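Chemist: Handing you this structure, nothing more for now.
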Amino acid sequence: MSKPKIYLAGKMSGLTYEQMNNWRRKVKAYLEGYGVQCLNPVDYYNFELDRSTYTEKEIKEFDLFLVKMSSLIIVNLEYPDTIGTAIELQKAQDWGIPVIAFGRTEERPVHPWLDLCITKECKTMADALNHIVEFYLPNIF
C-alpha cells in the first residue's frame, strides 16, 4: 500500500511566504512522522519565477491534480476569503475526499457554502492533527 497523501489547503494569494507556509511546515513535519506524505502547494512553486513562463490555468489544474491524488484534505480557515481554496474544497467534496478544517476565527467569517464542504471542523491545528492520527490513520490508511 502506498503512503497516504494529505493536501494542505488554505489561502496563499496576498499572504507573505511565512503566512502561507508556516502552518503547512508544522503539519507536514508532524504527519511525516506517521508515514503520511503531505502535498504542500507552496513546495511546488518558485515564487521568483517570471510570471510569463506559466499561466494561472496551469497552476489551478496542477493544484486540483494534487487534491485529486489526496486521501484527505486539511484546510486552514484562518483566512477563508480565497476562491482557490473554495474550489479545492468543492472538488474534494465532489471526489469524496474528506476535509478536516481548523483555524476559524470570529473576525473572519466562513461562507456557508465553504462550510458545506467540510467533513470535520476542529478548533485548533493540534486538535485536527490528533483527530487525523486517532481516527483516519488507523481506520482509513
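The values are calculated or read from the model by the stated rules, or taken from the named source; none is laboratory data. Treat the numbers as computed from the prediction; the structure is a model and nothing was measured. With ideal geometry, Cβ positions are generated from the backbone for all residues, glycine too; neighbour counts draw on all protein chains shown. In case anyone asks, the SASA skips ligands and DNA or RNA and just uses the protein heavy atoms, side chains included. Shrake-Rupley method; radii C 1.70, N 1.55, O 1.52, S 1.80 Å.
Chemist: In the stretch 3-62, what residues are open to solvent by 40 Å² or more (accessible area, probe 1.4 Å), touching a strand residue (DSSP E or B) at 6+ places or on another chain (Cβ under 8 Å) and assigned to a helix (DSSP H, G or I)?
Modeler: Lys28, Glu32
Chemist: So, one more: Listed residues Glu88, Glu107, Glu78, Glu61; which is acidic (Asp, Glu), closer than 20 Å to Ser13 by Cβ and within 11 Å of the chain's Cα centre (by Cα)?
Modeler: So the residue among Glu88, Glu107, Glu78, Glu61 that is acidic (Asp, Glu), closer than 20 Å to Ser13 by Cβ and within 11 Å of the chain's Cα centre (by Cα) is Glu88.
Chemist: So how many residues does the stretch 64-81 have that are open to solvent by less than 80 Å² (accessible area, probe 1.4 Å) and farther than 22 Å from Leu129 by Cβ?
Modeler: Matching residues across the stretch 64-81 total 1.
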